[in-house]
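A.B. asks: Once you've had a glance at the structure underneath, I'll fire off some questions.
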Amino acid sequence: MLKKAGVTKSELNRAWPSRQELLDDAFLAMAAKARDDRADTETLLSTWQYLSSRTGDLLSPSGRRQVLVDVIRTAAEYNFGAVTATGAWRSYAGLSATIMSFPETDSRQRTLDALLASEMSFVETMEMFYRNVIPTVGYRLKPHFGGDWQPFVVTAAAVIEGLGLIRASVPALVERPLDIPSGDTLEPWSLASLGFVGVVDAFIEPDPDYDPHEAIARLSGGVDVTPSPAEDSQAY
């Protein structure tokens, strides 16, 4: 392994005098890497491009519902495959699951702090994304959540990442498509997409004050401005 990395044992020992110091830095690197990987940039950017191609559907309630479902379904399937299949995410998930069993040392606390920073970075990124996308397609966070999008972000992530963990032991069950009625036909759905839509319906509802023409103008102009809490009518 040292030969593959292009270093000698003496060089390794100078950088990390003890095995524990090596593990500490490895754990911190896992947490930092996951911060970048979990909020998959390609998924976020492709969603805006997709919405720009569906502006005509935003004019009717049924069209908006279909756009919302299509966006969630596509994003969930891609994110499930692109993120939870990576070695970096599996290492992050394993570390998150086992860290509390580590001895109570300063190194464990540093790792916990890094995991917290990674988690909050992910939550904040996805919160801004949902604050932008959901209102654009005519939906809003249900009022009783008081404008707090973070429970939605955490629950949605738990569905995707929980299935990612289960896939390791029962891949055939998790990856098997399910035929779901859609009009007069059956469409194949993944468990990740079905679970994600269920979370969306628990937290999101149609916005009675939605102006489709404003949303279409915004999408057509390529404008991507995330509303701040002060601009969010549901935020406190």
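The values are calculated or read from the model by the stated rules, or taken from the named source; none is laboratory data. Note that the structure is predicted; figures quoted are calculated from it, not measured. So basically every Cβ, Gly included, is an ideal-geometry build from the backbone, and we count neighbours across all protein chains shown. These area figures cover heavy atoms from the full protein model, side chains too; ligands, DNA and RNA do not enter into them. Shrake-Rupley method; radii C 1.70, N 1.55, O 1.52, S 1.80 Å.
A.B. asks: Tell me the residue from Ala88, Ala82, Ala76, Ala93 that is modelled with pLDDT of 80 or more, within 16 Å of the chain's Cα centre (by Cα) and either farther than 22 Å from Arg131 by Cα or small (Gly, Ala, Ser) (or both), please.
C.D. replies: Answer to the selection: Ala76.
A.B. asks: Please go through the range 116-136 and pick out each residue that is farther than 20 Å from Arg65 by Cβ and of a type in the set (Val, Ile, Thr).
C.D. replies: Selection gives Val123, Thr125.
A.B. asks: Something else about it: If you check every pair at least six apart or on different chains, which have Cβ atoms under 7 Å apart with a residue in the range 102-126 that is under 21 Å from Leu45 (Cα atoms) and modelled with pLDDT of 80 or more first and a residue that is of a type in the set (A, V, I, L, M, F, W, C) and open to solvent by 60 Å² or more (accessible area, probe 1.4 Å) second?
C.D. replies: Every condition considered, the pairs that remain are Val123/Val154.
A.B. asks: OK, next. With the structure loaded, tell me whether Ala215 is at pLDDT 90 or above, assigned to a helix (DSSP H, G or I), crowded, with 19+ Cβ neighbours inside 10 Å and over 22 Å from the mean Cα position of the chain (by Cα) or whether it fails that test.
C.D. replies: Answer is yes for this residue.
Yes or no, residue by residue, for (1) open to solvent by 70 Å² or more (accessible area, probe 1.4 Å); (2) part of a helix (DSSP H, G or I); (3) closer than 17 Å to Met126 by Cβ:
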| residue | (1), (2), (3) |
| --- | --- |
| Val71 | no, yes, yes |
| Tyr78 | yes, yes, yes |
| Gly94 | no, yes, no |
| Glu104 | yes, no, no |
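A.B. asks: Now, a different point. Can you tell me which residue is farthest from Val153 (Cα to Cα) among those in the range 34-64 that are at pLDDT 90 or above, assigned to a helix (DSSP H, G or I) and of a type outside the set (A, V, I, L, M, F, W, C)?
C.D. replies: Checked the range 34-64; the qualifying residue farthest from Val153 (Cα to Cα) is Gly56.
A.B. asks: Name the pairs: first residue in the range 138-167 and under 25 Å from Glu214 (Cβ atoms) and of a type in the set (Ser, Thr, Tyr), second residue modelled with pLDDT of 95 or more and open to solvent by 60 Å² or more (accessible area, probe 1.4 Å), Cβ to Cβ under 7 Å, at least 6 apart or on different chains?
C.D. replies: Tyr139/Pro206
A.B. asks: Give me the pairs, please: first residue somewhere in the range 183-209 and closer than 17 Å to Ile160 by Cβ, second residue anywhere and at pLDDT 95 or above and in a strand (DSSP E or B), beta-carbon distance under 9 Å, and either six or more positions apart or on two chains.
C.D. replies: Going by the 9 Å Cβ cut-off, the qualifying pairs are Val200/Tyr139; Phe203/Leu141; Ile204/Tyr139; Ile204/Arg140; Ile204/Leu141.
A.B. asks: Follow-up question, since we're still on this one. Got a sec? Which of Thr155, Thr136 is modelled with pLDDT of 90 or more and farther than 25 Å from Arg90 by Cα? Working first, answer last.
C.D. replies: Values: Thr155 fails: farther than 25 Å from Arg90 by Cα.
When all the criteria are applied, what remains is Thr136.
A.B. asks: Now, a different point. If I ask for residues that are of a type in the set (A, V, I, L, M) and either touching an Asp or Glu at 6+ places or on another chain (Cβ under 9 Å) or within 24 Å of Pro143 (Cα to Cα) (or both), which ones from the range 195-220 would you list?
C.D. replies: Passing the criteria: Val197, Val199, Val200, Ala202, Ile204, Ala215.
A.B. asks: Against the condition among the hydroxyl-bearing types (Ser, Thr, Tyr) and under 22 Å from the mean Cα position of the chain (by Cα), how does Ser190 come out, does it pass?
C.D. replies: yes
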